[in-house]
Structure formats: C-alpha cells, structure tokens
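Below is one structure, written out as structure tokens; the observations come after it.
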Amino acid sequence: METPGSQSSLHRANLERVVRAVRLAGSLTQAEIARSTGLSAATVSNIVRELKDNGTVEVTPTSSGGRRARSVTLSGDAGIVVGVDFGHSHLRVAVGNLAHQVLAEQSEPIDVDASASEGFDRAEHLVGRLIESTGVDPEKVLGVGLGVPGPIDLETGTLGSSAILPGWAGINPRQELAERLRMPVQADNDANLGALGELVWGGGRGVKDLAYIKVASGVGAGLVIDGRIYRGPGGTAGEIGHITLDEAGPVCRCGNRGCLETFTAARYVLGLLRASHGPELTMPRMVQLAREGDPGCRRVVADIGRHVGMGVASLCNLLNPSRVVLGGDLAEAGELVLGPIRESVARYAIPSAARRLAVVPGALGARAEVLGALALALSEVGDSHLLDGTVPSVAPAFTG
C-alpha cells in the first residue's frame with residue numbers, strides 16, 4: 001500500500017505526470033517533457049527508461065534545434081481511441097492511437113435530424129467496421145469521443161435545444177452510444193470539438209486562448225481559455241450565433257429577432273441567392289462560386305464575414321483571445337470572408353484587443369470535429385490505466 005507523501009507514491013505521481021504529458025501532446029522529446037512537467041532532466045530520463053522497459057512508451061532518435069534528441073510516444077500497443085462526429089448531413093468516424101496517429105477514418109452522408117435511433121445505428125456499425133479494419137482488438141479501445149451539432153446540458157447530458165435537433169429530443173447521446181458500444185464515451189457539441197481539434201492538431205497549436213467559429217446550418221463558437229475548453233456551468237458557452245445584431249431583424253429559431261445566425265447561417269443566407277442561383281444551392285457551392293468570381297456569391301460571403309466579425313469583436317471585448325479560427329464550409333472562402341471579418345473586428349473591437357488578434361482559417365477543414373472527438377477521448381484516458389495495462393470500464397450514466 002502506498003502512503004500519501006511516501007517515496008513510492010511520489011514516484012507513481014511522477015510516472016503519471018510524464019505519461020499525461022506525452023498522451024496529451026502525442027510526441028515529446030525528453031527536454032520538452034522536463035519543461036512541461038517541471039521535473040528535472042535526470043528524473044525524466046530515469047522515468048522514460050522505466051516506461052520504455054515496461055512497454056508503456058516507445059523512444060526513437062530525432063533532432064531538436066539541430067541537436068540530437070529522443071522522441072517519446074506512447075506505445076502502439078497501449079490502446080486506441082475512437083472519434084464520432086454527427087453533422088446535420090454527415091457521420092464521420094476516426095480511429096487513432098495514443099501517439100496521435102489516425103489509423104482509419106471514414107465519412108458517409110446521413111440526415112441526422114430525421115432519427116436519432118437511425119443515426120446511432122449507423123454510428124455503431126461504422127465504428128465496428130473501422131476498428132476491425134485496423135486489426136486492433138476492440139478490447140484495446142480506451143475511450144470514444146462523440147460530437148453532436150447542438151449544446152449538451154451538463155446536468156442531464158441531454159441536448160439542450162429541441163429546435164436544433166428535434167428528432168433527438170430527450171436523448172442523452174453519451175449514454176446512448178456507450179450502451180451500444182459497451183465502451184466509455186465522452187460527448188460535446190461540434191463547435192467545442194472543432195476548437196479542441198484545431199488546438200491539438202491544427203491551426204490552434206501553441207495557443208492557449210482562442211475561439212473556433214463554425215458557420216454552417218447554425219453558428220457556434222468553441223472557446224479555449226488557458227488551454228482548456230470553456231463550456232460554462234450549463235454547457236452553452238459559445239452560442240455566438242444568438243448575439244443580437246438587429247432588434248428589428250428576422251425572427252431566429254431561438255425566438256429572438258436579429259440574431260447573428262439570421263445574417264450568417266446557411267438556412268438564412270442561401271435564400272438571398274435562390275432567385276438567381278436556384279433552390280439547390282448549398283453553402284459549399286456558394287463558396288466555390290464566390291472563389292470563381294460570381295458577384296452575387298461574393299457579396300453574400302463578404303456580408304457574412306462582416307456580420308461574423310461583429311460577433312468576433314464582441315468576443316474580443318469580453319475574452320480577448322489571441323486567435324480566432326474559422327471553420328466549417330465558409331472557411332474555404334479564404335480572404336473573401338476573412339478580410340471582412342478583420343475589418344469588422346478593427347471597427348467594433350477595443351483597439352488593444354483587435355491588434356493582438358489573429359483571424360485564420362482552420363487547418364483541418366471538415367475533419368476538425370472528428371479529430372476533436374479523438375482529442376476529447378485522448379484527454380479522458382486515465383494515466384493509471386496506461387501504467388497498469390488495464391482498460392477503463394464503460395462510462396456510467398451522465399452525472400455532470
């Protein structure tokens with residue numbers, strides 16, 4: 001038995017600290033481990049040697065700053081994680097290992113709004129198929145991250161708005177998928193996972209304070225404060241789409257008038273082009289036409305950018321992030337939308353906050369949310385399980 005404060009408990013704590021640092025980063029040199037954990041270089045060297053000997057980590061030669069170094073990653077045999085992303089029109093699943101390598105990934109079209117049961121049936125089948133394709137024993141799955149296109153109530157675990165996914169009313173997505181897969185599941189909304197994906201894998205790496213803005217059928221923001229996703233006490237932080245821009249504007253699905261969403265989301269803006277471009281126009285097609293020089297589509301994209309920029313300016317004044325990452329289909333418009341966003345930020349944000357803000361497109365495209373789901377699963381893996389070679393049990397019902 002380890003006594004708190006004893007040498008053995010301190011050693012165990014240091015082992016877990018090193019494993020946690022490597023797990024969250026994917027790969028670190030021993031010098032980087034020392035900096036991130038605060039442990040001495042000699043202690044890190046001894047711990048890495050011990051972890052290598054027991055098969056927890058793998059060590060490979062590399063270089064850092066022109067000098068020879070050793071890169072430390074978790075063992076490929078340590079286990080795998082799964083990411084599941086439900087969009088309004090797609091289901092995407094990815095399987096990755098603890099070294100942050102994606103082993104398998106697939107996306108298929110689906111009408112998520114129609115039926116929660118059908119959506120989970122499809123997800124269960126696709127997860128099983130992809131795990132099988134990797135050749136990894138399903139018993140090696142350490143966790144599943146799940147993304148849904150709507151806010152999750154942190155107290156109940158159910159979707160917080162029936163207006164967003166009416167077919168999912170009363171569903172606890174985390175519990176539903178955990179019972180089907182018999183695996184531990186963590187769930188979050190798509191904007192938060194997009195932020196987490198860009199933070200770990202893409203355009204937010206190295207940044208501790210950022211906002212990920214996703215414009216699709218709705219508008220949401222994933223907020224990262226001091227390196228962590230900020231959800232708020234009820235799980236609805238980042239609902240930037242419901243900032244009021246015009247009290248006499250169009251009625252939003254939330255019941256208010258003139259929300260940012262009514263000036264930017266696909267369900268509203270595509271109607272502006274229906275007469276000239278037909279009823280089948282989609283957001284990706286509008287962005288493509290704008291890039292090709294279509295004047296009507298360019299005007300709508302620029303208007304969306306200006307309105308999004310007003311919302312971003314409010315975020316700057318309140319939270320002062322250092323970076324805003326634009327995701328979703330709209331990010332493919334590049335400077336056609338980023339330029340107007342920056343113009344609005346310069347006009348409406350406090351100058352000191354605007355000067356320090358970088359507005360950039362997402363680096364992960366449509367994969368941001370599923371990679372964020374993988375990152376969520378990775379963040380919840382218990383370091384004691386990795387050290388002891390055990391697999392966590394199925395997650396209990398959501399308790400907040």
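The values are calculated or read from the model by the stated rules, or taken from the named source; none is laboratory data. Only a predicted model underlies this, so the values are computations on that prediction, with no experimental measurement involved. No Cβ is skipped: glycine too gets one built from the backbone with ideal geometry, and neighbour counts run over all protein chains shown. All accessible areas refer to the heavy atoms of the entire protein, side chains included, with ligands and DNA or RNA removed. Shrake-Rupley method; radii C 1.70, N 1.55, O 1.52, S 1.80 Å.
Please figure out what share of the DSSP beta bridges in the chain is antiparallel and state it in percent, rounded to the nearest 5. Bridges in the chain that DSSP calls antiparallel: roughly 65 percent. Between Val207 and Arg299, the modelled labels are 3.2 nm apart [label points 7 Å from Cα along Cα→Cβ]. Put a plus charge on the Cβ of each Lys and Arg, a minus charge on the Cβ of each Asp and Glu, and nothing anywhere else: the dipole of the chain about its Cα centre is then about 1400 debye.
Principal axis extents of the C-alpha atoms in segment 1-145 (largest first, rounded to whole Å): 57, 44, 26. Ligands, DNA and RNA aside, Ile229 has an accessible area near 30 Å² when probed at 1.4 Å.
Between helix 41-53 and the chain there is an angle of about 80 degrees, using the helix long axis and the longest principal axis of the Cα atoms.
Taking a sphere under 12 Å around the Cβ of Gly339 and counting the other residues whose Cβ falls inside, with K and R at +1 and D and E at -1, yields a net charge of +1. In the distance distribution for segment 80-147, Cα-Cα pairs more than 16 Å apart total 42 percent. Ratio of Rg to Rh for segment 40-113: 1.21 [Cα atoms; Kirkwood radius as inverse mean 1/r over pairs]. On the basis of the beta-carbon distance and an R0 of 35 Å, Asp246 and Ala169 show a calculated FRET efficiency of 0.70.
With R₀ set to 45 Å, the beta-carbon distance separating Gln101 from Glu155 gives a calculated FRET efficiency near 0.80. Sorted on the mean count of surrounding Cβ atoms within 10 Å across their residues, most packed first, peptides 14-20, 364-370, 249-255 read 364-370, 14-20, 249-255. Evaluating kT/(6 pi eta Rh) at 37 °C and 0.692 mPa s, with the Kirkwood radius of segment 56-215 over Cα pairs in the Stokes-Einstein relation, gives 192 µm² s⁻¹.
Computed from the C-beta positions of Asn54 and Ser352 and an R0 of 56 Å, the FRET efficiency is 0.65 to the nearest 0.05. Highest average first, the peptides 104-117, 292-305 ordered by how many other beta carbon atoms sit within 10 Å of their residues are 292-305, 104-117.
Count charges around Thr134 for me, please; just the other residues with Cβ under 14 Å from its Cβ, Lys/Arg as +1, Asp/Glu as -1. So the surrounding residues net to -3. When you count the other C-beta atoms within 10 angstrom of each residue and take the mean per peptide, 68-75, 325-332 line up highest first as 325-332, 68-75. Comparing Ala313, Ala248, Ala266 in a Gaussian network model of the chain, where Cα atoms under 10 Å apart are tied by springs, the biggest mean-square fluctuation is seen for Ala248. Please report the net charge: other residues with Cβ closer than 12 Å to the Cβ of Arg174, K and R +1, D and E -1. So the surrounding residues net to -4.
Within the chain, the ratio Rg/Rh, alpha carbon atoms throughout and Rh by Kirkwood, equals 1.00. Averaging 1/r over every pair of different alpha carbons in segment 121-233 and inverting the result gives a Kirkwood radius of 15.4 Å.
Could you check the spin-label model distance between Ser276 and Leu318? Points 7 Å from the Cα along Cα→Cβ, value in nm. The modelled label-to-label distance comes out at 3.4 nm.
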